[in-house]
Amino acid sequence: MACVGFLRERDGRRSGMTLVEVMLAVFILAVCLIGLMQGMATSAQFFHASHFVQQAMNVLAKGDAAHPMAINEDPVSDLEVTADAELMDGWTYERVCEEDEDEDGMYTIRTKVVQGRGGPGNEMEFLRLLYFPEGSSGGASGG
């Protein structure tokens, strides 16, 4: 004969789980779920970061296409681009060119793409070097 929810052993004692066993099972389940949730949160952060990088690269490509690196006379003035917010909604493209200290024809080109108003995690800066000896004309050679 069986009681509701419990089985009786042959000697008449109830068989089933004790409160301690149930609490231990719930604790183990909770620890596993916490670990799973932390893994999901980390995965979501990586997904968001990769999406940001992909969008930043798209803005960089559009900005470089809209503002080609062509030098007429002076690399600093010819390559500079003030904040262009028309390439992609919510993004800004900006490029600055500076000659190094020893004035040997090496220039540093810093291109910054910013999402929204910027701030930590909302902007990327790309660095390129350009060699343009004095008296050269034509296109830029950079990498």
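Rounded to the nearest whole Hz, the Karplus-based 3J(HN,Hα) values (6.51 cos²θ - 1.76 cosθ + 1.60, θ = phi - 60°) of the range 101-112 follow the sequence 5, 7, 6, 9, x, 8, 10, 9, 10, 10, 10, 10, with x at glycine and proline. Rounded to two decimals, the Cα-based Rg/Rh of the range 54-111, with Kirkwood Rh, is 1.03.
Under 5 Å between amide hydrogens, built in the peptide plane, is the criterion, and for I71 it picks out A140 among residues at least 5 positions away or on other chains. For the range 15-143, the normalised intensity computed at q = 0.15, 0.17 Å⁻¹ comes to -0.79, -0.91 (log10 of I(q)/I(0), Debye sum over alpha carbons, equal scatterers, no solvent).
Rounded to the nearest 20, the size of the Cβ-charge dipole of the range 33-143 about its Cα centre is 1000 debye, with Lys and Arg at +1 and Asp and Glu at -1. With all protein chains in place and a 1.4 Å probe, the accessible surface of the range 12-143 carries 59 percent carbon and sulfur.
Each label point was placed 7 Å from the Cα along the Cα-to-Cβ direction; for Q38 and V96 their separation is 4.1 nm.
The values are calculated or read from the model by the stated rules, or taken from the named source; none is laboratory data. The model shown is predicted, which means the values in this text are computed figures rather than measured ones. Cβ coordinates were reconstructed from backbone atoms using ideal geometry, including for glycine residues, and neighbour counts include every protein chain displayed. These accessible areas exclude ligands, DNA and RNA; they are computed on the full protein's heavy atoms, side chains included. Shrake-Rupley method; radii C 1.70, N 1.55, O 1.52, S 1.80 Å.
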